[in-house]
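The values are calculated or read from the model by the stated rules, or taken from the named source; none is laboratory data. Computed from a predicted structure; not experimentally measured. Here the Cβ positions follow ideal geometry from the backbone for every residue, glycine too, while neighbour counts run over all protein chains shown.
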Amino acid sequence: MTTTFAIELTAPGGVECLRAATRTLTAPGPGEVRIRHTAMGVNFVDIYQRTGLYPVGEMPAVLGVEGAGVVEEIGPDVHEVAAGDRVAYAGLPLGGYAQARNIPASRLVRIPDGVDDRIAAAAMLRGATAHMLLRRVFPVGAGTTILLHAAAGGLGLLVTAWAKRLGARVIGTAGSPAKAELALAQGADHVILYREQDFVAEVRRLTDGCGVDFAIDGIGGETLTRTLDAVHPFGMVASIGQASGTLPHLPLTELGARRSLALSRPSVFTYASDLSAYRQATKELFGELVAGLPVTIGAELPLASVADAHIMLERGETTGSLLLVP
């Protein structure tokens, strides 16, 4: 057995429910590996879990669904990786907010030479989400027009860059000129300042009144409801989050005769739980990273400052991916 520093969630609530702790790690069991983290991602899902919107089960619990590190020890029947390998992971089980953790070997992906651990940690969950959206939910290619909310966030920047590599036209939204410039630098064709402009009217103007083929919304609330009006008939809307704190009740009549839309509520955790899909997504992700797909790291904080990371994310103060370093 060994010990590790970790941040525990003691009860659903605010950041005051996060506390530093020393936890004991047993030897890895069959099919398990112990890794020592070099970087861990912070995501909105961590906030949903902290507040209780997404229950995490028994507490105290260690949050965190994305990280990179080095294999320290392998358990019986592990053949995928070896001690000393650089690896990354995304998805369940929880446990990323720790210097070291045990994790099923099946969740680990070797990090290719030329890809930094920090980039891998920043890209894993967002990359699997991008793959799910662009490959499974709505196959994107040349001629596809996308509306992407929060285009300067970690996921938004990655989706923008990947969609552009697939030949799509990307219309993003952002909350400030600085964020708009960041999204444009990543390749977005247009960025709408949603605090100053009616994004539906702008989308209609930019598409000659037609609307987009595919809209991706992680805001929820009224933004999701209004996004329906920015998509052309028989288009697709993907609801992937609720940063606003709510999701609207949308009767089928809102999607049917008047709009003729499809609405998807895809879960990257369900996607990643299918090991075949997970391996395909991460294989393509790392292939894109090696080929130059850019990943923006907006900020890095020490693991002990995870509460500050949550506050920054909740307030919309971040751009790109947010990392913790042990």
Query raised in the report: Which one of Leu134, Leu125, Leu184 is touching a residue at least 24 places away in the same chain (Cβ under 8 Å) and either in contact with a strand residue (DSSP E or B) (Cβ under 7 Å, 6 or more places away or on another chain) or among the aromatic types (Phe, Trp, Tyr) (or both)?
Result: Leu125
Requested in this report: Name every residue in the range 193-227 that is surrounded by fewer than 24 Cβ atoms within 10 Å (Cβ to Cβ), among the aliphatic types (A, V, I, L, M) and over 22 Å from the mean Cα position of the chain (by Cα), in order of residue number.
Outcome: Leu193, Val200, Ala201, Leu206
Requested in this report: Look at the range 91-106 and say how many of its residues are more than 14 Å from Thr4 (Cβ to Cβ) and among the polar types (S, T, N, Q).
Outcome: 1
Requested in this report: Would you point out which residue out of Thr318, Thr246 is touching a residue at least 60 places away in the same chain (Cβ under 8 Å), outside any helix (DSSP H, G or I) and surrounded by fewer than 20 Cβ atoms within 10 Å (Cβ to Cβ)?
Outcome: Thr318
Query raised in the report: Which one is nearest to Gly156 (Cα to Cα) among residues in the range 110-127 that are in contact with a helix residue (DSSP H, G or I) (Cβ under 6 Å, 6 or more places away or on another chain) and surrounded by 24 or more Cβ atoms within 10 Å (Cβ to Cβ)?
Result: Arg126
Query raised in the report: Do we have Ile35 as buried (at least 22 other Cβ atoms within 10 Å of the Cβ), in contact (Cβ under 8 Å) with a residue 40 or more places away in the chain and more than 16 Å from the chain's Cα centre (by Cα) here?
Result: yes
Report task. Could you please let me know if Asp208 is at pLDDT 95 or above, in contact with a strand residue (DSSP E or B) (Cβ under 7 Å, 6 or more places away or on another chain) and acidic (Asp, Glu)? Result -> no
Query raised in the report: Is it fair to say Gly172 is out of contact with any Asp or Glu (no Cβ under 7 Å at 6 or more places or on another chain) and either surrounded by 21 or more Cβ atoms within 10 Å (Cβ to Cβ) or farther than 24 Å from Leu157 by Cβ (or both)?
Result: yes
Query raised in the report: When you look at Pro139, is it free of Cβ contacts under 8 Å to residues at least 40 places away in the same chain, under 30 Å from Met1 (Cβ atoms) and surrounded by fewer than 21 Cβ atoms within 10 Å (Cβ to Cβ), yes or no?
Result: no
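Let's see how each residue does on (1) among the small types (Gly, Ala, Ser); (2) in contact with a helix residue (DSSP H, G or I) (Cβ under 9 Å, 6 or more places away or on another chain); (3) at pLDDT 95 or above; (4) surrounded by fewer than 16 Cβ atoms within 10 Å (Cβ to Cβ):
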{"position": "Val42", "(1), (2), (3), (4)": "no, yes, yes, no"}
{"position": "Ile47", "(1), (2), (3), (4)": "no, yes, yes, no"}
{"position": "Leu63", "(1), (2), (3), (4)": "no, yes, yes, no"}
{"position": "Ala68", "(1), (2), (3), (4)": "yes, yes, yes, no"}
{"position": "Pro76", "(1), (2), (3), (4)": "no, no, yes, yes"}
{"position": "Gly84", "(1), (2), (3), (4)": "yes, no, yes, yes"}
{"position": "Tyr89", "(1), (2), (3), (4)": "no, yes, yes, no"}
Query - Any hit, the range 261-274, residues being assigned to a helix (DSSP H, G or I) and among the acidic types (Asp, Glu) - result: no
Report summary line: Note on Val306: of the conditions (1) assigned to a helix (DSSP H, G or I); (2) closer than 20 Å to Val159 by Cβ, unmet is (2)
Requested in this report: Would you kindly identify the strands (runs of 3 or more DSSP E) lying entirely within the range 61-151 that contain at least 2 residues that are under 14 Å from the mean Cα position of the chain (by Cα)?
Outcome: 66-74, 86-90
Report summary line: Counted residues in the range 134-151 being more than 18 Å from Val268 (Cβ to Cβ) and charged (D, E, K, R) come to 0
